[in-house]
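Working notes, beginning with the structure itself.
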Amino acid sequence: MENPTTIGEQGRSGDPCILVIFGASGDLTKRKLLPALYNLARKKLLPANFALIGIALDTIGEEAFRARVQEDLRQFGGAPETCEFCDWLVQRLYYLAGDFRDTNVYTQLGALLTSLDEKHDTHGKYFYYLATLPQFFAEIIKQLGAARLTDESNGEWRRVVIEKPFGNDLESACALNHEIRQVLAERQIYRIDHYLGKETVQNILVFRFSNGIFEPIWNRRYIDHVQITVAESLGVEQRGGYYDHAGALRDMVPNHILQLVTLTAMEPPISFQADAVRDEQSKILHAIQHLAPEDVLSRAVRGQYGEGQEDGSPVPAYNAEPKVSRDSHTETFVALKLSIDNWRWADVPFYIRTGKRLAKRATEVAIQFRRAPFVLFRETPVDHLTPNLLVLHIQPDEGISLRFGAKIPGPIVRVGSVDMDFQYTDYFGSEASTGYERLLYDCMVGDATLFQRADMVEAGWSVVQPILDVWKALPPRNFPNYTAGSWGPKEADDLVRRDGRTWHQS
Ligand SMILES: NC(=O)c1ccc[n+]([C@@H]2O[C@H](COP(=O)([O-])OP(=O)(O)OC[C@H]3O[C@@H](n4cnc5c(N)ncnc54)[C@H](OP(=O)(O)O)[C@@H]3O)[C@@H](O)[C@H]2O)c1
């Protein structure tokens, strides 16, 4: 068969390489990584010289592994029954069964890499994707290092992609950074935050810096406050075992939400080079004021859902979900008022909220501008002016909307709020994507812009650590405190109402 991946339609294809997935039988691999590789193959962005080795405990043989991947590509990647790209990919799949803690696995992996490197002419370039439980991250990297499989001394690149969660508090994140840097240089480490794989998240930067009209007003003189909402309508589903130990704060804030904060608040970088962008993001993370213990009580709200409804059907309370402790104190909702202590954002609050079983699935950044002076309208029936609101809709309906006032037709002066709406799909259509395509591609071409650096991870955890400490010392007394299907606990409304504001409802 003619190789379908030699010439990229949308740029050069990735470097020749072998991808090793630790956790080849896991949920992430089958639902996200394999479909993403299939999508990259379809867009001709995978290198022609490519191979993939899967490793997991499962003693399934290579042929059975290939058959299972074919099936997964159909089920989770939407691949058709007859699919040349699937065949192409599957011909390059290899499988190694073994325990990540077993040194022999790395000896076998080394031998397999050497033979496949020759067979597929991959120039000794390997990247390892740790798609497994976080407790194995340090162990796998240590073993790879001991087996000299991360050694770049011959000039080939060797990279390691680390999934989230990266630590579960500041101390464990610093310890993990310390351990992995015994083996790897920072340039070899790709800490993934799959939120950054979303087109609309990347578009925040393009929107801000490719349009001349927004940046001059993107500051405290014109912006009243910013709201970031990451709302899910689903509950914990099958993730109760993990979630009950993590909670909404750990699961969402140090990574996804702070990424949205940094992209919204950062200064223009001097280029789109990885470190230029990440330097500016890092400055924002360092400028976010840490909450003193007494501030946690007034500026951080936690909640847990009780039973309620989703789409008109009854749904259970969080503490009745599978694998969740019946007297769980884990928060499924968090709202925070953050301050960025720099020249651009002094006195502009950033309100953030995220939670499960909320009224609607919606991720968005809402920028509320200062109100226009009312002076002209004193003599009219207009009793107030609504401020302009710019909303960057991240998901599910990707787009941008701008709210402004317009005269309601008629002989008397009345002002109505209207929206100017842009929907991505109207202009660019929609393409099958898992959000991992761009991230996998970037690993193959060595672009770390969308990956977190050690200092960013630690700065993110530093922001949430004071809240974790206070919440641990003072267990909640009123859980569950919001109804499934609502917009969260009343205290979250109070958080913004105290400042004379309300949450923007999508
Ligand atoms: N699932 C998602 O959509 C998603 C989204 C974002 C981030 N993540 C992150 O991605 C990572 C993987 O998540 P997941 O949901 O895919 O987990 P998972 O379904 O539990 O998969 C774990 C994988 O690791 C393998 N494994 C476990 N212990 C092993 C050992 N001692 N030796 C060899 N293999 C071992 C398992 O192999 P066997 O099946 O053979 O036991 C399986 O392939 C986690 O860090 C998670 O937080 C997942």
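The values are calculated or read from the model by the stated rules, or taken from the named source; none is laboratory data. Values in this document were obtained by computation on a predicted structure and should not be read as measured data. All Cβ positions, glycine included, derive from the backbone under ideal geometry; neighbour counts span all protein chains shown. Only protein heavy atoms, including side chains, enter the accessible area calculation; ligands, DNA and RNA are left aside. Shrake-Rupley method; radii C 1.70, N 1.55, O 1.52, S 1.80 Å.
Values computed for the structure shown
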quantity	calculated
Point-charge dipole on Cβ atoms (K/R +1, D/E -1) for the chain, about Cα centre, debye to 20	1140
Diffusion coefficient, µm² s⁻¹, Stokes-Einstein with Kirkwood Rh over alpha-carbon pairs of segment 317-356 at 4 °C and 1.567 mPa s	102
Extension gain (nm, one decimal) between THR114 and GLU237, 0.36 nm per residue minus Cα-Cα	40.1 nm
GluC sites (Glu not before Pro), loop per DSSP, at most 12 other Cβ atoms within 10 Å - longest free stretch of the chain	82-236
For GLY308, net neighbour charge (Lys/Arg +1, Asp/Glu -1) across residues whose Cβ lies under 12 Å away	-1
Radius 11 Å from Cβ of SER328, net charge of other residues (Lys, Arg +1; Asp, Glu -1)	-2
Residues listed by number, segment 331-349, amide nitrogen under 17 Å from ARG208 label point at 7 Å toward C-beta	338-349
Inverse mean reciprocal Cα-Cα distance (Kirkwood Rh) of the chain, Å	24.7
For segment 17-192, alpha-carbon Rg relative to the globular expectation (2.2 N^0.38 Å, N residues)	1.01
Difference of contour (0.36 nm per residue) and Cα-Cα distance, ASP447 to ARG361	27.9 nm
The chain, helix-only ellipticity at 222 nm - DSSP H runs n ≥ 4, -39,500 (n - 2.57), divided by all residues, nearest 500	-10000 deg cm²/dmol
Carbon plus sulfur fraction of accessible area for segment 1-126, probe 1.4 Å, in percent	47
Gained length - GLU71 relative to GLU491, 0.36 nm times residue gap less alpha-carbon distance	146.5 nm
Förster radius 45 Å - calculated FRET efficiency between ALA320 and PHE272, Cβ distance, rounded to 0.05	0.40
Fraction of antiparallel bridges per DSSP, the chain only, in percent to nearest 5	55
Neighbour net charge for GLY488 - beta-carbon separation under 12 angstrom, K R +1, D E -1	+1
